[in-house]
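Q: Below you'll find the structure I mean.
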Amino acid sequence: MNNSLIKKADGINLNSDALFTTDEDKVQTVFKIPAYQRPYVWRQKDWDKLFDDIESNEAGYFVGAILCVDKGIREEHDYSVCEVIDGQQRLTTLSLLLTATYSVLDDYSKTDFVKNNPSWSEKNYDKKKKLKNQLIVKAVNNQVTTRIIPQYDDNKDDYFNIIIKTFGINKADFANPLQADKVDTKRPLSKAYTHFKKRIENYALDEDGKNNVERQLKRIFEFSLKVNSTVVVMISTASASNANMLFEALNNRGVPLTITDLIRNKLLGEIKDNPKVKFKFDYYKDTWNKILGEGLFKTEGKEISGGEQERFFRQSYNAFRFNWIKNYPNKKFETGKKANLYDFYSAMIDIDPETTFNQIMESTKLYLQIQGEDASGISENLNKLYKDLNHVNGSTSYTLLLYIVKNLDSLGLQGKDLENICRSLINFFVRRNITNKPTYNNLDQIFLKFIEKLRDKNLKGEEICNKLTEKLKEEVGKDFEYILRNEDAYDNFGNDNVYFILTKLAEEGLHDKSNVDFWKESDKRKPEAWNIEHVLPQTIKGTTWEKVLAGWAEKNPDNGTVEEIHKNYMNKIGNLTLTQYNSEMGNKPFLDKLNLTKDKHNIGYNNELATSDGLNKYIVYDQKGVERTEWTPDEIESRTQNLVDKILEIFKW
């Protein structure tokens, strides 16, 4: 690589002078995303990974590199400008995380504790002010701009409006032009900000259930310090052409080592140097590559992320570590976390590389079964339950399942017991994903502690199932039914969870369940994948739906404007169904969508899902079995209550 391409390269903390400085007297840097860059594409899994990585690691966690073109100080702006060539997703997300942190702190300022403790507020005011200084930059004429300037107009407006609202900036004092004066809550920047607020609020909560505001505020401030301590390698060049050449070189050659690479290299290296097993080296190498490289870590030919690989090794270690504790009582094998994971595997390899290899292989086979990828050797029912657990994002329970499956006989469990355990886990995750109780950060600990309880109390057989269900019911609380009946499902429950619940409702009414696979990407008869469908469409302006709601609003004047009614009802569970024909449905009138056909096949709501117990029954028919002629908030509310009754029955403990 030509070093002349690089103007400067430093490993720096997020709150350093070169990035999000808190010092107003320093020359400020604004990071501008060029128009040719792709828009903001990170989604919830990316936000959660960044949050969890920062939270679970020590201060100074490395979050990646930023590659930019140094445009220098602009006299017309009075600040330095850097055009971001690589790292804009990460940089933008970190700024939204800090903005959300400030917003949560601002909400806390309204609590009685803060109001009644002016000395405490004064002492901590500077900490909060520094967050604002990091994200707001002084411009000319006493105006301000944002630290990050996105490229597309919709991204800019959403980002600018989030900053303006959070930090209480007068729009007359804002240097950047605005095309819209409010945030579009459906777009990713707004969703990221809202998601981070919820994560921080949940992170601050007391595990003992006490509402200790001072302790919660301390946790938030400590988290903000951790975010600011993250390390970024900032690489700057003098020109865009140099930056793009460097970007291509880095991405082609700079493939980082994953935890899998590190463990594999250590393990095979030890085996090759061990006179007792080195003659098996080729076997071990080929087996590793086949089972992990081509099996577990490949999905339809695509390598899974380093984070998912790390999860496999962490959960496998935590499930198997008790065997090492038993066999080597003088060694310390503590609970594995991301930061110490390689150290523990390295220690096990040093003690016995062959046994470590065999345990990894055994764990891989079990893991593939639990993921629903390998049905060999297990019942059809268990395979389906494993798949459902995967669909409902229950991967944090895999440590427990690995431990139980590995020790099935010694725990006095049979196949039916394992199926019941899976059902309890599915019921738990369905509820947890809707209520957000317990918080995501606590899930690993819940299952790790249950393994310890299972061992300490010497639980056996059916008692394990009962105690687990009891524990899961206790953790998830009692808000599930209330939230289902009253809250916005599509935006608040998570699309994956809503889709899963709808498929379970649909399966209940199918006469031939083998005829429909809601998780298959496509089939020859219906080439499109299944998707969530809004009966009352998400967009109604200028359509007959607008007139329908206007008529209903006249009869029900206390329910607000047409826009408010639409917003309040369109995302309720009672307005949602499944279809393979979203684009054909569009925002057509209700009766058209009811009996829509394509190639002489009914693709509307009056299809195989409209049976006596089907998902679409109460879309097509009223309570008396008469086919509907309209779809208003009354029908949505009625179907919501019917579906919730069925959901509670399907997912009963």
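Q: Name the residue that is surrounded by the fewest Cβ atoms within 10 Å (Cβ to Cβ), counting only residues in the range 260-296 that are at pLDDT below 80 and of a type in the set (Val, Ile, Thr).
A: 291
Q: Restricting attention to the range 213-222, report how many residues are out of contact with any Ser or Thr (no Cβ under 7 Å at 6 or more places or on another chain) and either at pLDDT below 85 or among the hydrophobic types (A, V, I, L, M, F, W, C) (or both).
A: 2
Q: Okay, next question. Residue check, residue 599 against (1) touching a residue at least 12 places away in the same chain (Cβ under 8 Å); (2) of a type outside the set (Val, Ile, Thr); (3) over 24 Å from residue 548 (Cα atoms), all met but one. Which one?
A: Just one mismatch for residue 599, condition (1).
Okay, residues lined up against (1) over 27 Å from residue 359 (Cα atoms); (2) without any contact (Cβ under 8 Å) to a residue 60 or more places away in the chain:
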{"residue": "408", "(1), (2)": "no, yes"}
{"residue": "412", "(1), (2)": "no, yes"}
{"residue": "417", "(1), (2)": "no, yes"}
{"residue": "427", "(1), (2)": "yes, no"}
{"residue": "431", "(1), (2)": "yes, no"}
{"residue": "434", "(1), (2)": "yes, no"}
{"residue": "437", "(1), (2)": "yes, yes"}
{"residue": "440", "(1), (2)": "yes, no"}
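Q: Determine whether the range 297-304 contains at least one residue that is open to solvent by less than 50 Å² (accessible area, probe 1.4 Å), closer than 27 Å to residue 396 by Cβ, in contact with a helix residue (DSSP H, G or I) (Cβ under 9 Å, 6 or more places away or on another chain) and modelled with pLDDT of 70 or more.
A: no
Q: Please enumerate the residues belonging to the range 562-574 that are farther than 14 Å from residue 495 by Cα and outside any loop (DSSP other than H, G, I, E, B).
A: Passing the criteria: 562, 563, 564, 565, 566, 567, 568, 569, 574.
Q: Could you grab me the full set of residues in the range 39-66 that are part of a helix (DSSP H, G or I) and within 13 Å of the chain's Cα centre (by Cα)?
A: 44, 45, 46, 47, 48, 49, 50, 51, 52, 53
Q: Further, regarding this structure: Tally up the residues in the range 611-651 that are closer than 19 Å to residue 552 by Cα and not in a helix (DSSP H, G or I), please.
A: 6
Q: On the given criteria, is residue 615 surrounded by 21 or more Cβ atoms within 10 Å (Cβ to Cβ), at pLDDT 95 or above and closer than 16 Å to residue 508 by Cβ?
A: When the stated conditions are applied, residue 615 does not pass them.
Q: Looking at 54, 66 in this structure, which one is modelled with pLDDT of 85 or more, at negative phi, open to solvent by less than 60 Å² (accessible area, probe 1.4 Å) and in contact with a Gly (Cβ under 6 Å, 6 or more places away or on another chain)?
A: Going through 54, 66 in turn, the sole match is 66.
Q: Taking residue 89 and the conditions (1) outside any helix (DSSP H, G or I); (2) open to solvent by less than 30 Å² (accessible area, probe 1.4 Å); (3) farther than 20 Å from residue 21 by Cβ, which numbered condition does it fall short on, given that it satisfies the others?
A: Result: residue 89 fails condition (1) only.
Q: Taking the condition of being more than 21 Å from residue 284 (Cβ to Cβ) and open to solvent by less than 10 Å² (accessible area, probe 1.4 Å), how many residues in the range 342-371 meet it?
A: 1
Q: Let me ask you something else. Which of the residues spanning the range 618-653 are open to solvent by 30 Å² or more (accessible area, probe 1.4 Å) and of a type in the set (S, T, N, Q)?
A: Correct list: 623, 629, 638, 641, 642.
Q: Tell me, please, whether a residue that is surrounded by 12 or more Cβ atoms within 10 Å (Cβ to Cβ), of a type in the set (A, V, I, L, M) and over 25 Å from the mean Cα position of the chain (by Cα) can be found in the range 206-215.
A: Within the range 206-215, one or more residues are surrounded by 12 or more Cβ atoms within 10 Å (Cβ to Cβ), of a type in the set (A, V, I, L, M) and over 25 Å from the mean Cα position of the chain (by Cα).
Q: Can you work out which of the residues in the range 489-507 that are of a type in the set (Ser, Thr, Tyr) and modelled with pLDDT of 90 or more is farthest from residue 646 (Cα to Cα)?
A: Going through the qualifying residues, I end up with 499.
Q: Tell me which residues, restricted to the range 540-559, are surrounded by 13 or more Cβ atoms within 10 Å (Cβ to Cβ) and either under 21 Å from residue 490 (Cα atoms) or acidic (Asp, Glu) (or both).
A: Hits for the range 540-559 are 540, 545, 546, 549, 559.
Q: Ok, one more. Among residues belonging to the range 596-610 that are part of a loop (DSSP other than H, G, I, E, B) and farther than 15 Å from residue 533 by Cβ, point out the one that is modelled with the lowest pLDDT.
A: Taking the candidates together, the pick is 600.
Q: Right, something else. Just name the residue that is farthest from residue 21 (Cα to Cα) out of those in the range 121-133 that are open to solvent by less than 50 Å² (accessible area, probe 1.4 Å) and more than 26 Å from the chain's Cα centre (by Cα).
A: Step by step, filter the range 121-133, then rank; the result is 121.
Q: Could you list all residues from the range 221-233 that are part of a helix (DSSP H, G or I) and either touching a strand residue (DSSP E or B) at 6+ places or on another chain (Cβ under 9 Å) or crowded, with 20+ Cβ neighbours inside 10 Å (or both)?
A: Within the range 221-233, 223, 224, 227, 228, 229 meet the criteria.
Q: Residue pairs, Cβ under 9 Å, 6 or more apart or interchain, first in the range 165-176 and on the phi > 0 side of the Ramachandran plot, second modelled with pLDDT of 85 or more. List them.
A: 168/106
Q: With the condition kept exactly as written, say whether any residue in the range 352-370 is without any contact (Cβ under 8 Å) to a residue 24 or more places away in the chain and part of a helix (DSSP H, G or I).
A: Within the range 352-370, one or more residues are without any contact (Cβ under 8 Å) to a residue 24 or more places away in the chain and part of a helix (DSSP H, G or I).
Q: So, in the range 385-397, how many residues would count as being within 17 Å of the chain's Cα centre (by Cα) and part of a helix (DSSP H, G or I)?
A: Going through the range 385-397 one residue at a time, the tally reaches 6.
The values are calculated or read from the model by the stated rules, or taken from the named source; none is laboratory data. Predicted model, so just to flag it, every value in this text is computed and none were measured. Positions of Cβ are backbone-derived with ideal geometry, glycine not excepted, and every protein chain shown enters the neighbour counts. Note: accessible area is taken over every heavy atom of the protein model, side chains too, but ligands, DNA and RNA are not part of it. Shrake-Rupley method; radii C 1.70, N 1.55, O 1.52, S 1.80 Å.
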